[in-house]
Amino acid sequence: MPQSSFSLEIKGVDAASGTFEGLAAVYGNVDLENDVILPGAFTKTLAAAKERPLLLEHRNSIGTVSLTDSTAGLVARGKLTLDSTGGKDAHALLKSGALKGLSIGYQVINHDYTGEARLLKELKLYEVSLVAVPANPQAGVTSFKTFKATEIEVKNALKIFRKEILSVFNI
């Protein structure tokens, strides 16, 4: 019976995907800066582009974020660049729960004032940041996806892989 050999290296069955989801901006509540973002404030900026840079604490780039509007606020789906130092650091901080706030970098295009708060009617969005303390305490990461495989799951996956390889080589 002919035999074939090949090497197989599994580098990370416990590696995280580096993706997360959350609210980058929340509508209708007064934040710590006495600002209230109104629904529709991002309509024009999202029409221009739905993807923005993802920064750490409004400083260094650590990935990208895809944005959609919802009734609650601006929904962010982020992807960390795990090959970068900043992406790795943010990933570790997210995993530990030390980093869970989201914040936005923007320019005010149109606003109004009430007695105590500034009503933000239209904003030009530049970036979304993972932050330790957001200006809006309701803005933050709601889910952080990781891939973790148990020993049984790895063994089952290897059994399936072995069966597929044997069938490819007609063994």
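Reported count of residues in the range 96-132, each being of a type in the set (Lys, Arg) and closer than 15 Å to Gly22 by Cα, is 1. Scanning the range 115-139 for residues that are farther than 17 Å from Ala76 by Cβ and either touching a Pro at 6+ places or on another chain (Cβ under 8 Å) or without any contact (Cβ under 8 Å) to a residue 12 or more places away in the chain (or both) yields one hit, Gly115. Filtered by the rule that a residue be at pLDDT 95 or above, surrounded by fewer than 16 Cβ atoms within 10 Å (Cβ to Cβ) and polar (S, T, N, Q), the range 86-131 gives Gln107, Asn110.
Okay, residues lined up against (1) surrounded by fewer than 20 Cβ atoms within 10 Å (Cβ to Cβ); (2) within 19 Å of the chain's Cα centre (by Cα):
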site: Ala25; (1), (2): no, yes
site: Val30; (1), (2): yes, no
site: Ala47; (1), (2): yes, no
site: His58; (1), (2): yes, yes
site: Leu74; (1), (2): no, yes
site: Thr81; (1), (2): yes, yes
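The values are calculated or read from the model by the stated rules, or taken from the named source; none is laboratory data. Only a predicted model underlies this, so the values are computations on that prediction, with no experimental measurement involved. Note that we place each Cβ from the backbone using ideal geometry, even for glycine, and neighbour counts take in every protein chain shown.
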